[in-house]
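Down below is the structure, laid out as structure tokens.
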Amino acid sequence: MDKKYWVPAIERADKVITIIANESGKLKLMEIAKKSDMNKSSLFSLLNTLEELRWVYKEVDQSYSLGSKLGFLSAQFIQQYDLTTYFDREAAKSVEKVQEAIQLSILEGSDIIYIAKKEGHQRVRINTSPGMRAPAHATAMGKVMLSSLTGDDLIEGYKDKEFEKVTDMTVDNLDHLLEQINSLKENGYIIESQEAVKGFTCIAAPILNERQEIIAAVSYTMTIDNWRRKSEVCKEEIISLAKRISINSIDN
């Protein structure tokens, strides 16, 4: 990225807010200073400003959490996507058919951001919610959205990036990731098993805009045992759901 007009102060604020978001309510000033490589006095001024702006909140024990302003902005961000409205309507039908949790996400850099979720009717559930992030390479939805990148862009994006091992099953090299991504063209979906959460399988399909570009992804997530029993109906339904949410279907 061209940093000719880069504002370092905003970059530092972004770094601090991200650190707090990852361990909300757990870190005090000195701990944030160590993680951000900022000196105590500069960080104190930055945190004080962020607190006044309600970007962060100082708890009674002096630890920091995300502030109410970020909650407001997150809500506004999610509301701008009509996709969530259509997801809520259509996912409810798919949940009734398969009885498993369905999630919607978008891609940001090398991460996915969950923006909506419909719980299934199973007792065992995964601990995800709108606003959470996950490494794209470790998730079925992430792999679906990474498929929208050209081979050169994907190679460029991961050539100097370490593949985070979320579980011992997580893909850990570009060649294997490319193999997984290529399966989308053949099947219309991507399956990920135990790469993001041990004991769970996920199947995802792409949501397209009017230019047939991938703008989001939708997925079913379930235990391995349930997947073995429901795999065929899940394959059919995830493709159907993605098509129903896609822009062309909405417009029609």
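The values are calculated or read from the model by the stated rules, or taken from the named source; none is laboratory data. From a predicted model like this one, the values you see are computed outputs, not experimental measurements. Note that each Cβ is placed from the backbone with ideal geometry, even for glycine, and that neighbours are counted across all protein chains shown.
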- Message: Consider the range 35-63. How many of its residues are charged (D, E, K, R), within 30 Å of the chain's Cα centre (by Cα) and under 15 Å from ILE20 (Cα atoms)?
- Response: 6
- Query: Can we say SER240 is assigned by TED's automatic domain parsing to the domain that holds SER105, modelled with pLDDT under 90 and assigned to a helix (DSSP H, G or I)?
  - Reply: no
- Can you tell me which residue in the range 148-172 is modelled with the lowest pLDDT, limited to those that are among the hydroxyl-bearing types (Ser, Thr, Tyr) and within 25 Å of LYS198 (Cβ to Cβ)? TYR158
- If ILE113 passes every condition in (1) in a helix (DSSP H, G or I); (2) touching a Lys or Arg at 6+ places or on another chain (Cβ under 6 Å) but one, which one does it miss? (1)
- Is there any pair linking a residue in the range 159-184 that is assigned by TED's automatic domain parsing to the domain that holds SER110 and under 12 Å from HIS137 (Cα atoms) to one that is among the small types (Gly, Ala, Ser) and surrounded by 14 or more Cβ atoms within 10 Å (Cβ to Cβ), with Cβ under 6 Å and at least six apart or on different chains, and which? VAL166/ALA138; VAL166/ALA196; THR170/ALA138; ILE181/SER147
- Item | Residue tally, condition closer than 16 Å to GLY131 by Cβ and of a type outside the set (Phe, Trp, Tyr), over the range 57-72 | 7
- In the range 140-179, anything over 18 Å from GLU213 (Cβ atoms) and in contact with a strand residue (DSSP E or B) (Cβ under 6 Å, 6 or more places away or on another chain) is listed as ALA140, GLU164
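Condition first: surrounded by fewer than 20 Cβ atoms within 10 Å (Cβ to Cβ) and within 20 Å of TYR114 (Cβ to Cβ). Now tell me which residues in the range 192-213 satisfy that. Lay out the reasoning, then the answer.
Looking only at the range 192-213, we keep the residues that are surrounded by fewer than 20 Cβ atoms within 10 Å (Cβ to Cβ), and these are 193-194, 198-199, 208-213.
SER193, GLN194, LYS198, GLY199, LEU208, ASN209, listed by residue number.
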